[in-house]
Amino acid sequence: MADSSSEPPCGGAPGAHAAGTGVPSAVLRSWDEAEARIFPLVMAQPELYQQSVTTIQRLLGRLRESCPDLAALLAVHEHGAELAAEDVAGAGVAGIRPDLVVAAACAMRYRELVASLAADGRLAALGSARDQGVSWAVVEEIGSRDRAPYVPYQRIEAEVATGRAVIVSIGPDETLSRAVHRLDEGEIDLVTGGLRIGRLVGSYLDPDTCAAALQQARSAPPAPLSQA
C-alpha cells in the first residue's frame, strides 16, 4: 500500500496487483463473440433483438440466483447446451442460436461478478490501509507498468478517510508509439466499494509531469463529482 509519505511513480506502485478472475480466455472470447453477434441486431432486426434481450434478461435473473461466484458461472457455461435447451429453445426466439443467448447472459453475469469482486477488493484495501494508519492507499491495480502502453495499465489511489480517488492509467497514443499517462478524479463508496469516475485531471506524455500532477491532485481539496 502507498501512503502520503511514499510517492509511487505515475506509472505504477510496487506491490499492488490485480487478481485474475480464473476464467479461461477462450471462454471470455466466446462470451464476447456471442454479444457481438446478437446486439447489432438492434439496427437490422429490432424485433428479433428485443426478443433476444428479453430472453437474456430472464436468463440473467436465473444466473444471479444460481451463480454467486465465478466457479458456479463456469459450471453453467460447461452445461450451456442444457440451459439453452431448457430456457431458450422454448422462448420463441427464432433465428438466434440458443447457445449464443446463453453465452450473452453469462457475459453479463460475469461482468457483475467481476465488478463485485473489485468492489470487495477496494474495501479490503481501504480497511488494511486504515489499520496501518496511512492516509492514501493503492486500492486497485490492473496490468503492469513494465508492459504499458502495449498492455493497458490502471491504478486507483484513494484517500482512506473519504474515498476520494485518483485513477491513474497508461495507454498508447494515436500513433501506438508512445505512452500517454492519464489522471481522472474518482470516488469510492465507503459502504459498497463502488467506484464513480469524475472529471479528467489531465493527460501527459512525460511520466514526471504526470507524477507531479498526481501529487497535486491528491493534495487538492475535494470537489464534488459531476452527476452522470
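The values are calculated or read from the model by the stated rules, or taken from the named source; none is laboratory data. Computed from a predicted model, the values in this text were never measured in an experiment. Positions of Cβ are backbone-derived with ideal geometry, glycine not excepted, and every protein chain shown enters the neighbour counts.
Six or more apart or on different chains, Cβ under 6 Å: which pairs go from a residue in the stretch 151-173 that's touching a residue at least 24 places away in the same chain (Cβ under 8 Å) and under 14 Å from S219 (Cβ atoms) to one that's surrounded by fewer than 15 Cβ atoms within 10 Å (Cβ to Cβ) and not hydrophobic (A, V, I, L, M, F, W, C)? Could you list them?
R164/P222
Would you confirm whether any residue within the stretch 91-99 is farther than 30 Å from P221 by Cβ, assigned to a loop (DSSP other than H, G, I, E, B), of a type in the set (K, R) and at pLDDT below 95?
From the stretch 91-99, those farther than 30 Å from P221 by Cβ are 91-99; that's our starting set.
Among the residues that remain, those that are also assigned to a loop (DSSP other than H, G, I, E, B) are: 92-97.
Pick out the ones that are also of a type in the set (K, R) and you get 97.
Right, trim to at pLDDT below 95 and you get 97.
Taking every residue of the stretch 91-99 in turn, at least one turns out to be farther than 30 Å from P221 by Cβ, assigned to a loop (DSSP other than H, G, I, E, B), of a type in the set (K, R) and at pLDDT below 95.
Tally time: how many residues in the stretch 2-42 are closer than 15 Å to W136 by Cα, surrounded by fewer than 14 Cβ atoms within 10 Å (Cβ to Cβ) and at pLDDT 50 or above?
0
List every residue pair whose Cβ atoms sit under 6 Å apart, with the two residues 6 or more apart in sequence or on different chains, where the first one lies in the stretch 70-84 and is farther than 25 Å from A118 by Cβ and the second, anywhere, is among the β-branched types (V, I, T) and surrounded by 18 or more Cβ atoms within 10 Å (Cβ to Cβ).
Listed by first residue and then by second, the contacts come to G80/V102; L83/V102; A84/V102.
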